[in-house]
1. Which of the following residues is open to solvent by 90 Å² or more (accessible area, probe 1.4 Å), touching a residue at least 24 places away in the same chain (Cβ under 8 Å), assigned to a helix (DSSP H, G or I) and out of contact with any Ser or Thr (no Cβ under 7 Å at 6 or more places or on another chain): A:Leu122, A:Leu118?
2. Do we have A:Ala100 as open to solvent by less than 20 Å² (accessible area, probe 1.4 Å), assigned to a helix (DSSP H, G or I) and in contact with a strand residue (DSSP E or B) (Cβ under 9 Å, 6 or more places away or on another chain) here?
3. So which residues in the range B:59-82 are out of contact with any strand residue (DSSP E or B) (no Cβ under 6 Å at 6 or more places or on another chain), open to solvent by less than 60 Å² (accessible area, probe 1.4 Å) and farther than 14 Å from B:Leu17 by Cα?
4. For the range A:53-98, what are the residues that are within 14 Å of chain B (Cβ to nearest Cβ) and charged (D, E, K, R)?
5. Can we say B:Leu51 is touching a residue at least 24 places away in the same chain (Cβ under 8 Å), open to solvent by 20 Å² or more (accessible area, probe 1.4 Å) and under 11 Å from the mean Cα position of the chain (by Cα)?
6. Across the range A:14-34, what is the total count of residues that are in a helix (DSSP H, G or I), surrounded by 15 or more Cβ atoms within 10 Å (Cβ to Cβ) and either free of Cβ contacts under 8 Å to residues at least 40 places away in the same chain or more than 13 Å from chain B (Cβ to nearest Cβ) (or both)?
7. If A:Asp104 satisfies every condition in (1) away from chain B (no Cβ under 11 Å); (2) touching a residue at least 24 places away in the same chain (Cβ under 8 Å); (3) charged (D, E, K, R) but one, which is the exception?
8. Read through the list (1) closer than 30 Å to A:Gly246 by Cβ; (2) out of contact with any Phe, Trp or Tyr (no Cβ under 8 Å at 6 or more places or on another chain); (3) surrounded by fewer than 17 Cβ atoms within 10 Å (Cβ to Cβ); (4) modelled with pLDDT of 90 or more, then give the number of the only condition that A:Val168 fails.
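The values are calculated or read from the model by the stated rules, or taken from the named source; none is laboratory data. Quantities reported herein were computed from a predicted structural model and do not represent experimental measurements. Methodologically, a virtual Cβ is constructed for each residue, glycine included, from the backbone with ideal geometry; neighbour enumeration extends over all protein chains shown. Quick note on the areas: whole protein, heavy atoms, side chains included, nothing else; ligands and nucleic acids left out. Shrake-Rupley method; radii C 1.70, N 1.55, O 1.52, S 1.80 Å.
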Amino acid sequence: MSETEILLPRNQDYYDRLAAYVTDAIGVDGVAADSTLAEIHQDLLQAQHDGIGAADYFGRDPQAIGDEIVANLPHRSRRGWVVLGIVAWAVCFALAGWRAIILDPARVPLGSLAVLALLLPLAILVVTAFHRRRTFTRKKVRSSFLTILLAVQLVLLPLTDAFPRFGVVAVPAWFSVAAGFGFAALLCGFAIWLGLHSWVFAVIVAVLATLFAYPAADALGTLPGWWGRLLIPLLVVGLTLLIRGGDWLLPAKWQAKDRS
Amino acid sequence: MRRLPTQLLKGTLEGALLQVIATRETYAYEIHQALVEAGFGEVADGTIYPLLLKLEHAKQIEGERRASPTGGPPRKYYHLLPAGAQALAAFTADWAQLAAAMARLKEENHE
(Lines give C-alpha, C1' and ligand atoms only; values in the text may rest on other atoms or scores of the structure.)
Protein backbone atom coordinates (compact mmCIF):
# COMPACT_ATOMS: atom_id res chain seq x y z
CA MET A 1 0.00 0.00 0.00
CA SER A 2 1.47 3.38 -0.97
CA GLU A 3 1.45 6.52 1.17
CA THR A 4 -0.35 8.43 -1.59
CA GLU A 5 -3.36 6.08 -1.79
CA ILE A 6 -6.70 7.76 -1.10
CA LEU A 7 -10.07 6.44 0.04
CA LEU A 8 -12.84 5.83 -2.47
CA PRO A 9 -15.73 8.36 -2.18
CA ARG A 10 -18.08 5.99 -0.23
CA ASN A 11 -15.28 5.01 2.17
CA GLN A 12 -14.19 8.64 2.52
CA ASP A 13 -17.79 9.61 3.32
CA TYR A 14 -17.92 6.91 6.03
CA TYR A 15 -14.64 8.16 7.52
CA ASP A 16 -15.59 11.87 7.29
CA ARG A 17 -18.85 11.28 9.18
CA LEU A 18 -17.12 9.26 11.89
CA ALA A 19 -14.34 11.86 12.16
CA ALA A 20 -16.87 14.72 12.40
CA TYR A 21 -18.89 12.82 15.04
CA VAL A 22 -15.80 12.18 17.19
CA THR A 23 -14.20 15.62 16.87
CA ASP A 24 -17.51 17.45 17.50
CA ALA A 25 -17.97 15.60 20.81
CA ILE A 26 -17.90 18.15 23.60
CA GLY A 27 -14.90 17.96 25.94
CA VAL A 28 -12.89 15.36 24.02
CA ASP A 29 -9.12 15.89 23.91
CA GLY A 30 -8.51 17.08 20.34
CA VAL A 31 -4.95 15.74 20.00
CA ALA A 32 -5.94 12.25 21.19
CA ALA A 33 -8.99 12.28 18.88
CA ASP A 34 -6.86 13.29 15.88
CA SER A 35 -4.31 10.56 16.64
CA THR A 36 -7.00 7.86 16.86
CA LEU A 37 -8.71 9.10 13.70
CA ALA A 38 -5.38 9.05 11.83
CA GLU A 39 -5.02 5.38 12.85
CA ILE A 40 -8.55 4.58 11.74
CA HIS A 41 -7.90 6.31 8.40
CA GLN A 42 -4.82 4.14 7.83
CA ASP A 43 -6.81 1.00 8.69
CA LEU A 44 -9.58 1.94 6.27
CA LEU A 45 -6.99 2.55 3.54
CA GLN A 46 -5.43 -0.84 4.16
CA ALA A 47 -8.85 -2.54 4.24
CA GLN A 48 -9.75 -0.84 0.96
CA HIS A 49 -6.42 -2.00 -0.49
CA ASP A 50 -7.42 -5.55 0.53
CA GLY A 51 -10.81 -5.14 -1.17
CA ILE A 52 -12.93 -4.51 1.96
CA GLY A 53 -15.29 -1.52 2.20
CA ALA A 54 -15.27 0.81 5.21
CA ALA A 55 -18.69 -0.29 6.53
CA ASP A 56 -17.85 -4.01 6.18
CA TYR A 57 -14.54 -3.56 7.88
CA PHE A 58 -15.18 -1.01 10.59
CA GLY A 59 -18.81 -1.83 11.41
CA ARG A 60 -22.30 -1.05 10.13
CA ASP A 61 -23.22 1.14 13.09
CA PRO A 62 -20.61 3.93 13.03
CA GLN A 63 -22.58 6.04 15.50
CA ALA A 64 -22.40 3.36 18.22
CA ILE A 65 -18.70 2.87 17.46
CA GLY A 66 -18.19 6.65 17.55
CA ASP A 67 -19.91 6.79 20.96
CA GLU A 68 -17.62 4.06 22.31
CA ILE A 69 -14.50 5.75 20.92
CA VAL A 70 -15.55 9.08 22.46
CA ALA A 71 -16.25 7.39 25.81
CA ASN A 72 -12.73 5.92 25.86
CA LEU A 73 -10.82 8.98 24.61
CA PRO A 74 -9.22 11.28 27.20
CA HIS A 75 -11.43 14.24 28.10
CA ARG A 76 -10.66 17.81 29.00
CA SER A 77 -9.72 18.19 32.67
CA ARG A 78 -11.55 20.51 35.09
CA ARG A 79 -8.64 22.95 34.80
CA GLY A 80 -8.89 22.68 30.99
CA TRP A 81 -12.59 23.56 31.16
CA VAL A 82 -11.86 26.58 33.37
CA VAL A 83 -9.17 27.84 30.96
CA LEU A 84 -11.45 27.22 27.95
CA GLY A 85 -14.34 28.98 29.72
CA ILE A 86 -12.21 32.05 30.45
CA VAL A 87 -10.83 32.19 26.89
CA ALA A 88 -14.32 31.69 25.40
CA TRP A 89 -15.75 34.44 27.60
CA ALA A 90 -12.90 36.84 26.70
CA VAL A 91 -13.22 36.14 22.96
CA CYS A 92 -17.03 36.55 23.00
CA PHE A 93 -16.78 39.72 25.09
CA ALA A 94 -14.19 41.17 22.69
CA LEU A 95 -16.16 40.28 19.56
CA ALA A 96 -19.55 41.40 20.89
CA GLY A 97 -17.89 44.53 22.31
CA TRP A 98 -16.34 45.35 18.95
CA ARG A 99 -19.72 44.94 17.25
CA ALA A 100 -21.29 47.31 19.79
CA ILE A 101 -18.49 49.86 19.22
CA ILE A 102 -19.05 49.77 15.45
CA LEU A 103 -22.82 50.23 15.88
CA ASP A 104 -22.58 53.14 18.34
CA PRO A 105 -19.34 53.94 20.19
CA ALA A 106 -21.18 56.46 22.39
CA ARG A 107 -23.45 53.76 23.90
CA VAL A 108 -21.62 50.48 24.54
CA PRO A 109 -23.50 48.33 27.12
CA LEU A 110 -20.53 46.74 28.93
CA GLY A 111 -22.74 45.07 31.59
CA SER A 112 -24.99 43.40 29.00
CA LEU A 113 -21.93 42.31 26.99
CA ALA A 114 -20.35 40.69 30.05
CA VAL A 115 -23.51 38.59 30.61
CA LEU A 116 -23.95 37.81 26.90
CA ALA A 117 -20.33 36.64 26.71
CA LEU A 118 -21.30 33.98 29.29
CA LEU A 119 -24.41 32.89 27.37
CA LEU A 120 -22.91 32.85 23.86
CA PRO A 121 -20.39 30.01 24.45
CA LEU A 122 -23.17 27.94 26.06
CA ALA A 123 -25.41 28.56 23.04
CA ILE A 124 -22.53 27.51 20.74
CA LEU A 125 -22.17 24.25 22.71
CA VAL A 126 -25.89 23.58 22.26
CA VAL A 127 -25.66 24.30 18.50
CA THR A 128 -22.61 21.97 18.21
CA ALA A 129 -24.42 19.18 20.06
CA PHE A 130 -27.49 19.63 17.83
CA HIS A 131 -25.32 19.61 14.68
CA ARG A 132 -23.48 16.47 15.88
CA ARG A 133 -26.72 14.53 16.44
CA ARG A 134 -27.43 14.65 12.71
CA THR A 135 -23.93 13.66 11.53
CA PHE A 136 -25.01 10.27 10.22
CA THR A 137 -28.43 11.23 8.88
CA ARG A 138 -27.81 14.39 6.84
CA LYS A 139 -27.21 14.01 3.11
CA LYS A 140 -23.71 15.48 3.04
CA VAL A 141 -21.00 15.77 5.68
CA ARG A 142 -20.91 19.38 6.81
CA SER A 143 -18.44 21.15 9.08
CA SER A 144 -19.90 22.19 12.43
CA PHE A 145 -17.91 25.43 12.05
CA LEU A 146 -20.23 26.55 9.23
CA THR A 147 -23.35 25.71 11.25
CA ILE A 148 -22.00 27.61 14.25
CA LEU A 149 -21.06 30.60 12.09
CA LEU A 150 -24.55 30.71 10.54
CA ALA A 151 -26.26 30.21 13.91
CA VAL A 152 -24.21 33.01 15.48
CA GLN A 153 -24.70 35.42 12.57
CA LEU A 154 -28.37 34.72 11.82
CA VAL A 155 -29.81 33.82 15.22
CA LEU A 156 -27.59 34.49 18.20
CA LEU A 157 -26.26 37.97 17.34
CA PRO A 158 -29.70 39.38 16.36
CA LEU A 159 -31.04 37.92 19.63
CA THR A 160 -28.38 39.76 21.61
CA ASP A 161 -29.77 43.05 20.26
CA ALA A 162 -32.99 42.32 22.14
CA PHE A 163 -31.09 41.83 25.41
CA PRO A 164 -31.62 44.55 28.07
CA ARG A 165 -28.87 47.17 27.88
CA PHE A 166 -27.11 48.08 31.11
CA GLY A 167 -23.69 49.36 32.16
CA VAL A 168 -23.64 51.69 29.15
CA VAL A 169 -20.40 53.60 28.55
CA ALA A 170 -19.01 55.85 25.80
CA VAL A 171 -15.88 54.47 24.13
CA PRO A 172 -13.25 57.08 23.14
CA ALA A 173 -12.02 57.13 19.54
CA TRP A 174 -8.42 56.27 20.50
CA PHE A 175 -9.65 53.00 22.08
CA SER A 176 -11.52 52.01 18.89
CA VAL A 177 -8.37 52.68 16.86
CA ALA A 178 -6.08 50.71 19.21
CA ALA A 179 -8.53 47.79 19.63
CA GLY A 180 -9.33 47.56 15.90
CA PHE A 181 -5.74 47.55 14.69
CA GLY A 182 -4.73 45.40 17.70
CA PHE A 183 -7.30 42.68 16.92
CA ALA A 184 -6.37 42.76 13.22
CA ALA A 185 -2.68 42.34 14.09
CA LEU A 186 -3.48 39.52 16.55
CA LEU A 187 -5.53 37.65 13.93
CA CYS A 188 -2.82 37.97 11.28
CA GLY A 189 -0.13 36.90 13.77
CA PHE A 190 -2.20 33.89 14.79
CA ALA A 191 -2.68 32.89 11.14
CA ILE A 192 1.06 33.19 10.48
CA TRP A 193 1.84 31.12 13.57
CA LEU A 194 -0.63 28.41 12.46
CA GLY A 195 1.28 28.20 9.17
CA LEU A 196 -1.36 26.37 7.12
CA HIS A 197 0.26 27.44 3.81
CA SER A 198 -3.19 28.02 2.33
CA TRP A 199 -4.40 30.98 0.26
CA VAL A 200 -8.05 30.26 1.13
CA PHE A 201 -7.31 30.35 4.87
CA ALA A 202 -5.23 33.54 4.43
CA VAL A 203 -8.12 35.28 2.60
CA ILE A 204 -10.67 34.23 5.27
CA VAL A 205 -8.45 35.59 8.06
CA ALA A 206 -7.71 38.74 6.03
CA VAL A 207 -11.46 39.40 5.64
CA LEU A 208 -11.93 38.94 9.41
CA ALA A 209 -8.96 41.21 10.15
CA THR A 210 -10.42 43.83 7.79
CA LEU A 211 -13.64 43.79 9.84
CA PHE A 212 -11.49 45.08 12.72
CA ALA A 213 -9.05 47.29 10.82
CA TYR A 214 -11.56 49.21 8.66
CA PRO A 215 -13.67 50.67 11.52
CA ALA A 216 -10.40 51.54 13.29
CA ALA A 217 -9.24 53.44 10.21
CA ASP A 218 -12.72 55.02 10.04
CA ALA A 219 -12.36 56.18 13.66
CA LEU A 220 -9.22 58.03 12.63
CA GLY A 221 -11.42 60.12 10.33
CA THR A 222 -9.16 59.57 7.33
CA LEU A 223 -11.51 57.83 4.93
CA PRO A 224 -13.11 60.40 2.64
CA GLY A 225 -13.21 60.00 -1.16
CA TRP A 226 -11.61 57.33 -3.27
CA TRP A 227 -9.09 56.33 -0.64
CA GLY A 228 -11.91 55.34 1.73
CA ARG A 229 -13.72 53.34 -0.96
CA LEU A 230 -10.57 51.49 -1.92
CA LEU A 231 -9.50 50.77 1.63
CA ILE A 232 -11.55 47.55 2.10
CA PRO A 233 -10.19 45.72 -0.99
CA LEU A 234 -6.73 47.12 -0.28
CA LEU A 235 -6.86 45.84 3.30
CA VAL A 236 -8.08 42.37 2.24
CA VAL A 237 -5.39 42.02 -0.44
CA GLY A 238 -2.66 43.56 1.72
CA LEU A 239 -3.44 41.43 4.78
CA THR A 240 -3.69 38.27 2.65
CA LEU A 241 -0.21 38.98 1.25
CA LEU A 242 1.03 39.79 4.76
CA ILE A 243 -0.23 36.44 6.11
CA ARG A 244 1.15 34.43 3.19
CA GLY A 245 4.46 36.32 3.33
CA GLY A 246 4.76 35.88 7.10
CA ASP A 247 3.81 32.23 6.75
CA TRP A 248 6.59 31.83 4.18
CA LEU A 249 9.22 33.83 6.07
CA LEU A 250 8.63 32.62 9.66
CA PRO A 251 10.93 29.68 10.48
CA ALA A 252 8.98 26.42 10.87
CA LYS A 253 10.33 25.91 14.41
CA TRP A 254 8.33 28.98 15.55
CA GLN A 255 5.11 27.83 13.93
CA ALA A 256 2.46 25.50 15.37
CA LYS A 257 3.42 21.84 15.30
CA ASP A 258 1.66 19.60 12.79
CA ARG A 259 -0.55 17.27 14.85
CA SER A 260 -1.06 14.60 12.20
CA MET B 1 -17.64 -19.35 10.35
CA ARG B 2 -20.37 -18.55 12.88
CA ARG B 3 -20.65 -15.01 14.16
CA LEU B 4 -20.04 -15.10 17.91
CA PRO B 5 -22.72 -13.54 20.14
CA THR B 6 -21.84 -9.92 21.00
CA GLN B 7 -22.03 -10.44 24.77
CA LEU B 8 -19.68 -13.44 24.64
CA LEU B 9 -17.26 -11.51 22.43
CA LYS B 10 -17.36 -8.47 24.69
CA GLY B 11 -16.17 -10.48 27.67
CA THR B 12 -13.25 -12.08 25.85
CA LEU B 13 -12.07 -9.51 23.30
CA GLU B 14 -10.02 -7.52 25.81
CA GLY B 15 -8.06 -10.64 26.81
CA ALA B 16 -7.67 -11.61 23.15
CA LEU B 17 -6.23 -8.19 22.29
CA LEU B 18 -3.72 -8.49 25.14
CA GLN B 19 -2.78 -11.96 23.90
CA VAL B 20 -2.17 -10.74 20.32
CA ILE B 21 -0.12 -7.75 21.54
CA ALA B 22 1.85 -10.03 23.94
CA THR B 23 2.86 -12.21 21.00
CA ARG B 24 4.32 -9.33 18.98
CA GLU B 25 4.34 -5.56 18.71
CA THR B 26 1.50 -4.80 16.33
CA TYR B 27 -1.05 -2.25 15.06
CA ALA B 28 -4.85 -2.22 14.91
CA TYR B 29 -5.26 -3.66 11.41
CA GLU B 30 -2.92 -6.56 12.17
CA ILE B 31 -4.74 -7.22 15.45
CA HIS B 32 -8.01 -7.42 13.53
CA GLN B 33 -6.49 -9.83 11.01
CA ALA B 34 -5.03 -11.98 13.80
CA LEU B 35 -8.45 -12.22 15.50
CA VAL B 36 -10.20 -13.17 12.25
CA GLU B 37 -7.55 -15.78 11.41
CA ALA B 38 -7.73 -17.21 14.94
CA GLY B 39 -11.45 -17.87 14.44
CA PHE B 40 -13.13 -15.01 16.27
CA GLY B 41 -15.34 -14.52 13.23
CA GLU B 42 -16.15 -11.16 11.70
CA VAL B 43 -15.08 -8.82 14.48
CA ALA B 44 -15.70 -5.22 13.40
CA ASP B 45 -12.52 -3.16 13.62
CA GLY B 46 -14.65 -0.44 15.20
CA THR B 47 -15.03 -2.57 18.34
CA ILE B 48 -11.24 -2.91 18.65
CA TYR B 49 -10.45 0.81 18.83
CA PRO B 50 -12.42 1.62 22.01
CA LEU B 51 -10.75 -1.37 23.69
CA LEU B 52 -7.27 -0.27 22.59
CA LEU B 53 -8.00 3.19 24.01
CA LYS B 54 -9.28 1.64 27.23
CA LEU B 55 -6.21 -0.59 27.62
CA GLU B 56 -3.91 2.34 26.83
CA HIS B 57 -5.71 4.51 29.39
CA ALA B 58 -5.31 1.71 31.98
CA LYS B 59 -1.56 1.65 31.18
CA GLN B 60 -1.80 -2.02 30.15
CA ILE B 61 -0.51 -1.28 26.64
CA GLU B 62 1.40 1.56 25.05
CA GLY B 63 1.19 2.84 21.47
CA GLU B 64 4.05 4.35 19.52
CA ARG B 65 3.66 5.92 16.08
CA ARG B 66 6.43 5.00 13.69
CA ALA B 67 7.20 4.09 10.10
CA SER B 68 6.07 0.73 8.81
CA PRO B 69 8.96 -1.73 8.21
CA THR B 70 7.33 -2.66 4.88
CA GLY B 71 7.59 0.93 3.65
CA GLY B 72 3.92 1.83 4.08
CA PRO B 73 2.60 4.90 5.91
CA PRO B 74 3.44 5.35 9.64
CA ARG B 75 1.32 3.26 12.04
CA LYS B 76 0.75 3.19 15.77
CA TYR B 77 2.40 0.05 17.12
CA TYR B 78 1.23 -1.32 20.47
CA HIS B 79 3.28 -3.23 23.00
CA LEU B 80 2.39 -4.77 26.36
CA LEU B 81 3.23 -3.01 29.65
CA PRO B 82 3.73 -4.83 33.01
CA ALA B 83 0.12 -4.07 34.06
CA GLY B 84 -1.03 -5.59 30.75
CA ALA B 85 1.02 -8.74 31.35
CA GLN B 86 -0.61 -9.07 34.78
CA ALA B 87 -4.08 -8.53 33.33
CA LEU B 88 -3.36 -11.13 30.63
CA ALA B 89 -2.18 -13.66 33.23
CA ALA B 90 -5.37 -13.09 35.25
CA PHE B 91 -7.52 -13.42 32.12
CA THR B 92 -5.74 -16.62 31.07
CA ALA B 93 -6.32 -18.15 34.53
CA ASP B 94 -10.01 -17.09 34.47
CA TRP B 95 -10.41 -18.49 30.96
CA ALA B 96 -8.78 -21.83 31.91
CA GLN B 97 -11.11 -22.11 34.90
CA LEU B 98 -14.15 -21.33 32.75
CA ALA B 99 -13.10 -23.78 30.02
CA ALA B 100 -12.45 -26.54 32.58
CA ALA B 101 -15.81 -25.91 34.25
CA MET B 102 -17.57 -26.05 30.88
CA ALA B 103 -15.72 -29.27 29.98
CA ARG B 104 -16.76 -30.86 33.27
CA LEU B 105 -20.39 -29.94 32.66
CA LYS B 106 -20.20 -31.51 29.21
CA GLU B 107 -18.63 -34.67 30.63
CA GLU B 108 -21.40 -34.96 33.26
CA ASN B 109 -23.96 -34.57 30.48
CA HIS B 110 -22.35 -37.46 28.52
CA GLU B 111 -22.32 -39.72 31.58
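1. None of the others qualify; the one that does is A:Leu118.
2. Against the criterion (open to solvent by less than 20 Å² (accessible area, probe 1.4 Å), assigned to a helix (DSSP H, G or I) and in contact with a strand residue (DSSP E or B) (Cβ under 9 Å, 6 or more places away or on another chain)), A:Ala100 qualifies.
3. B:Gly71, B:Gly72, B:Pro73, B:Arg75 - these are the residues of the range B:59-82 that are out of contact with any strand residue (DSSP E or B) (no Cβ under 6 Å at 6 or more places or on another chain), open to solvent by less than 60 Å² (accessible area, probe 1.4 Å) and farther than 14 Å from B:Leu17 by Cα.
4. A:Asp56, A:Arg60, A:Asp61, A:Asp67, A:Glu68
5. Against the criterion (touching a residue at least 24 places away in the same chain (Cβ under 8 Å), open to solvent by 20 Å² or more (accessible area, probe 1.4 Å) and under 11 Å from the mean Cα position of the chain (by Cα)), B:Leu51 qualifies.
6. 5
7. With respect to (1) away from chain B (no Cβ under 11 Å); (2) touching a residue at least 24 places away in the same chain (Cβ under 8 Å); (3) charged (D, E, K, R), A:Asp104 is out only on (2).
8. (1)
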